[in-house]
Amino acid sequence: MATTGIDYPKELNPDQLAAATAPPGPALVLAGAGSGKTRTLTYRVAFLVENGLPPENILLLTFTNKAAREMLERVRNLLPHDISRLWGGTFHSVGNRILRRHAPAVGLEPGFTILDRDDARDLLAACFPAIGVDPKEKRFPKAGAILELLSFSANTTRPLDELLATGYAHLEEFADALSRLADEYRKRKLASNAADYDDLLTLPLDLLRRDPRLARHYQDRWACVLVDEYQDTNRVQADFIDLVASAHRNVTVVGDDAQSIYSWRGANFENILSFPDRYPGSRVYRIELNYRSVPQILSLANASIANNSRQFPKALRSTLAAGVRPHLVATPDADGQARFIAREILSLHSDGTPLREIAVLYRAHAHAIELQMELVRCHIPFVITSGIQFFEQAHVKDVAAYLKTAFNPFDEIAFKRVARLMPGVGDRSAEKLWQRVRGQSEWPEDIAPAKAVKDWRQLRQLIAQLRAQPGPSVPDAISWILDACYRDMLNLKYDNHQQRIDDIQQLQEFSRRFDSVPDLLAQLSLMTGLDASYGGADDGDVLRLSTVHQAKGLEWEAAFVIMLCDGAFPLGRLIDDEAQLEEERRLFYVAVTRAKKRLYLTFPQMRFGRGAAGGDLFQRPSRFLTELPPGLAEPVQIRIPRETAHRGHRHRDAEFDPWDWS
């Protein structure tokens, strides 16, 4: 190691030091959760510059501009050197810089426009007439859903027809039209001198592949390539790295295979797993010293992720003193889970933990329905990471509108919302239909616009069935709506249609506690009247509710990971796919490692009305709990007082043993 101005052994622990001062050549740095990944990469840049590598010969690739700015600012504070010529930024920003320099080579002018997602969707929608599709046609997939499909195809390099035959089978009937639409969209972008976000990745790679001389220019320039969050790269990003690093093979990628959780948006887990094979002779560095969590939390995290077969084995070690074991909490039902969490949050807060240092994490937003209600009742201020409450989501409000239309024939707003979901029905048509059906128990048959005749008959039949006596149970009413018409509409309108269907099924589960549809609607109205940051304190001291995906990279003093039942976490539709199940376990690992001092793992033991003939059904705890060795968590027995037990609950005054999996 050359003599330098920075005392690297003093500033870095031995694991970080080895990675930051690695000799030239390909290197894979496996940086575990809370291990100081950013610090290591920052000192790696400083080490390279101090040892004679000009900053302009370094390419630093990140996933956020903020990460790049923070790392470069830290390097500036460490060194007296001018690093302004270092290329540092996101993959998209680097792609943009390349395209600005060589725009004509890809059919663009240097002043081309970058389309944001809204602009791209609008341009795609403008292409519909060119392929013979009416933009208002509601039976054809919506522009937003198609754009996400084209984006996934671009980032995974999977042909459109291949995707349609697998994960998008519900769109396969539109294969020919979608292919023509994609071609028209590409032409319109060039004609508009515009590129979308995906073009910023794909066009530079295509350009360098087609022009070996230009590729050699960048390969020579970037003598060292560094990549942050490598486990999140997609196929295009990995191919770009391999191409520009091929001359010098001096590439350092930093990531954690145990935190690879974004395959649904194109991230390719194989990139990090196959790195040593693609770069023979590469060195692998493990940074396993964790500065975030107490040893007891890390022991549980290590034991859990060890069940994955495809991984780079590692074991996080804590720098902190021993704390308390994670709590494993079985509650009678989802209401009991919500009550326990609210009570424990109040206890933590009274003991001095700020609310902003507490988070509740879940696999899907729908899993926090009961908790949101309980937090309101307990006057605990909270904010939801997505910025919108479960009950405020468009698809939940759509289902509520169907129910309101059926059970209140005078609800104008609900009727018009439902009517506008039909093809060919806008505000004016909805008003005309409303004037014909207002207050009527039976609707006329042939009054809808020509494009909506079939849908009107379907809606008319559904409303008649919902209004019939005796009417359906509340959950059956929601099921009828989903099956009669709304599922197909979701499939065509949204790219995340399955998530929205899951939400509605969770609403159906939630509805089992109500004797009538009006009772459910009253509760929904009360909940939708709340702001998403309900009761937020002026000083920002609020509880955080978040999906695990949105919590990655964050940390809290205390974290609750909830609804840990098979079918909820992991999701039921992913359990039979081994690769998907391992990603779900990585997601659980990410959730667990967000907690610094206190971790709560909770699950309800019963779901109401899910068994035979509508009887209650015991749930299996998540396999991510049952596969843990005994002793890693502290079992907590929840006793539900008789006066707070759910109506008709057969286990009043019972104690629940979370280790009794039978």
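Out of all the residues in region 263-291, which are touching a residue at least 60 places away in the same chain (Cβ under 8 Å), open to solvent by 20 Å² or more (accessible area, probe 1.4 Å) and under 23 Å from the mean Cα position of the chain (by Cα)?
Correct list: SER263, ARG265, ASN268, PHE269.
Would you confirm whether any residue within region 232-248 is of a type in the set (S, T, N, Q) and open to solvent by 20 Å² or more (accessible area, probe 1.4 Å)? Show your work before the answer.
Taking region 232-248 as the starting set, the residues that turn out to be of a type in the set (S, T, N, Q) are 233-234, 237, 246.
Filter once more, so that each one left must be open to solvent by 20 Å² or more (accessible area, probe 1.4 Å): 246.
So far as region 232-248 goes, yes, one or more of its residues are of a type in the set (S, T, N, Q) and open to solvent by 20 Å² or more (accessible area, probe 1.4 Å).
Would a scan of region 54-61 turn up a residue that is under 20 Å from ASP220 (Cβ atoms), touching a residue at least 40 places away in the same chain (Cβ under 8 Å) and acidic (Asp, Glu)?
Here is the first cut: in region 54-61, the ones under 20 Å from ASP220 (Cβ atoms) are 54-61.
Then drop every residue that is not touching a residue at least 40 places away in the same chain (Cβ under 8 Å), which leaves 56-61.
From what's left, acidic (Asp, Glu): 56.
Looking through region 54-61, at least one residue is under 20 Å from ASP220 (Cβ atoms), touching a residue at least 40 places away in the same chain (Cβ under 8 Å) and acidic (Asp, Glu).
Taking the criterion of being in a helix (DSSP H, G or I) and closer than 30 Å to GLY132 by Cβ, would at least one residue in region 231-241 satisfy it?
no
Say we look at region 425-452 and pick out the residues that are acidic (Asp, Glu) and over 15 Å from ALA406 (Cα atoms); which of these is surrounded by the most Cβ atoms within 10 Å (Cβ to Cβ)? Steps first, please.
As a first pass, look at region 425-452 and keep what is acidic (Asp, Glu): 427, 431, 442, 445-446.
Right, trim to over 15 Å from ALA406 (Cα atoms) and you get 427, 431, 445-446.
Numbers: ASP427: 10, GLU431: 12, GLU445: 10, ASP446: 7.
Of everything passing the filter in region 425-452, GLU431 is surrounded by the most Cβ atoms within 10 Å (Cβ to Cβ).
Taking GLY111 and the conditions (1) free of Cβ contacts under 8 Å to residues at least 24 places away in the same chain; (2) open to solvent by 50 Å² or more (accessible area, probe 1.4 Å); (3) over 28 Å from LEU163 (Cα atoms), which numbered condition does it fall short on, given that it satisfies the others?
Every listed condition holds for GLY111 apart from (1).
Can you find, within region 314-368, the residue that is surrounded by the most Cβ atoms within 10 Å (Cβ to Cβ) among those that are in a loop (DSSP other than H, G, I, E, B) and hydrophobic (A, V, I, L, M, F, W, C)? Full working, then the answer.
Residues of region 314-368 in a loop (DSSP other than H, G, I, E, B): 314-316, 319-326, 332-333, 351-354, 363-364.
When the remaining residues are screened for being hydrophobic (A, V, I, L, M, F, W, C), the result is 315-316, 320-322, 324, 364.
Working: ALA315: 14, LEU316: 24, LEU320: 16, ALA321: 7, ALA322: 9, VAL324: 12, ALA364: 18.
The qualifying residue surrounded by the most Cβ atoms within 10 Å (Cβ to Cβ) is LEU316.
For a quick check of your reading: which strands (runs of 3 or more DSSP E) sit entirely within region 547-638 and have at least 1 residues that are touching a helix residue (DSSP H, G or I) at 6+ places or on another chain (Cβ under 6 Å) and open to solvent by less than 40 Å² (accessible area, probe 1.4 Å)? Spell out the reasoning first.
Numbers: elements: 556-561, 595-604, 634-637.
Once the strands (runs of 3 or more DSSP E) in region 547-638 are filtered for at least 1 residues that are touching a helix residue (DSSP H, G or I) at 6+ places or on another chain (Cβ under 6 Å) and open to solvent by less than 40 Å² (accessible area, probe 1.4 Å), what remains is 556-561, 595-604.
Among the residues that make up region 288-308, is at least one of them under 15 Å from GLU229 (Cα atoms), of a type outside the set (D, E, K, R) and modelled with pLDDT of 95 or more? Give the derivation first.
Here is the first cut: in region 288-308, the residues under 15 Å from GLU229 (Cα atoms) are none.
Scanning region 288-308 turns up no residue that is under 15 Å from GLU229 (Cα atoms), of a type outside the set (D, E, K, R) and modelled with pLDDT of 95 or more.
Only one of (1) in a loop (DSSP other than H, G, I, E, B); (2) out of contact with any strand residue (DSSP E or B) (no Cβ under 9 Å at 6 or more places or on another chain) fails for GLU270. Which number is that?
In the conditions (1) in a loop (DSSP other than H, G, I, E, B); (2) out of contact with any strand residue (DSSP E or B) (no Cβ under 9 Å at 6 or more places or on another chain), GLU270 misses (1) alone.
What number of residues within region 292-313 are surrounded by 17 or more Cβ atoms within 10 Å (Cβ to Cβ), out of contact with any Asp or Glu (no Cβ under 9 Å at 6 or more places or on another chain) and within 23 Å of THR233 (Cβ to Cβ)?
Total meeting the criteria: 1.
Select from region 1-59 the residues that are among the β-branched types (Val, Ile, Thr) and outside any loop (DSSP other than H, G, I, E, B) and list them in ascending order.
Our first condition is that a residue be among the β-branched types (Val, Ile, Thr); within region 1-59, this holds for 3-4, 6, 21, 29, 38, 40, 42, 45, 49, 58.
Matches in region 1-59: VAL29, THR38, THR40, THR42, VAL45, VAL49, ILE58.
Select from region 81-96 the residues that are in contact (Cβ under 8 Å) with a residue 40 or more places away in the chain and outside any helix (DSSP H, G or I) and list them in ascending order.
Passing the criteria: LEU86, TRP87.
In this structure, is VAL253 within 23 Å of ASP199 (Cβ to Cβ), touching a strand residue (DSSP E or B) at 6+ places or on another chain (Cβ under 6 Å) and either modelled with pLDDT of 95 or more or part of a strand (DSSP E or B) (or both)?
The answer is no for VAL253.
What is the one condition in (1) touching a helix residue (DSSP H, G or I) at 6+ places or on another chain (Cβ under 6 Å); (2) open to solvent by 50 Å² or more (accessible area, probe 1.4 Å) that ILE413 does not satisfy?
Only one criterion in (1) touching a helix residue (DSSP H, G or I) at 6+ places or on another chain (Cβ under 6 Å); (2) open to solvent by 50 Å² or more (accessible area, probe 1.4 Å) is unmet by ILE413, namely (1).
Being open to solvent by 60 Å² or more (accessible area, probe 1.4 Å), free of Cβ contacts under 8 Å to residues at least 60 places away in the same chain and closer than 29 Å to VAL592 by Cα narrows it down to one residue among GLU73, GLU11; which is it?
Working: GLU73 fails: closer than 29 Å to VAL592 by Cα.
GLU11 is the lone residue from the list that is open to solvent by 60 Å² or more (accessible area, probe 1.4 Å), free of Cβ contacts under 8 Å to residues at least 60 places away in the same chain and closer than 29 Å to VAL592 by Cα.
Count, please, the residues in region 207-229 that happen to be open to solvent by 10 Å² or more (accessible area, probe 1.4 Å) and either on the phi > 0 side of the Ramachandran plot or among the charged types (D, E, K, R) (or both).
Here is the first cut: in region 207-229, the residues open to solvent by 10 Å² or more (accessible area, probe 1.4 Å) are 209-214, 216-217, 219-221, 223, 229.
If we keep only those that are either on the phi > 0 side of the Ramachandran plot or among the charged types (D, E, K, R) (or both) too, we end up with 209-211, 213, 216, 220-221, 229.
Final tally of qualifying residues: 8.
The values are calculated or read from the model by the stated rules, or taken from the named source; none is laboratory data. Given the structure is predicted, the values throughout are model-derived calculations rather than measurements. Note that each Cβ is placed from the backbone with ideal geometry, even for glycine, and that neighbours are counted across all protein chains shown. Note: areas computed on protein heavy atoms with side chains; ligands, DNA, RNA excluded. Shrake-Rupley method; radii C 1.70, N 1.55, O 1.52, S 1.80 Å.
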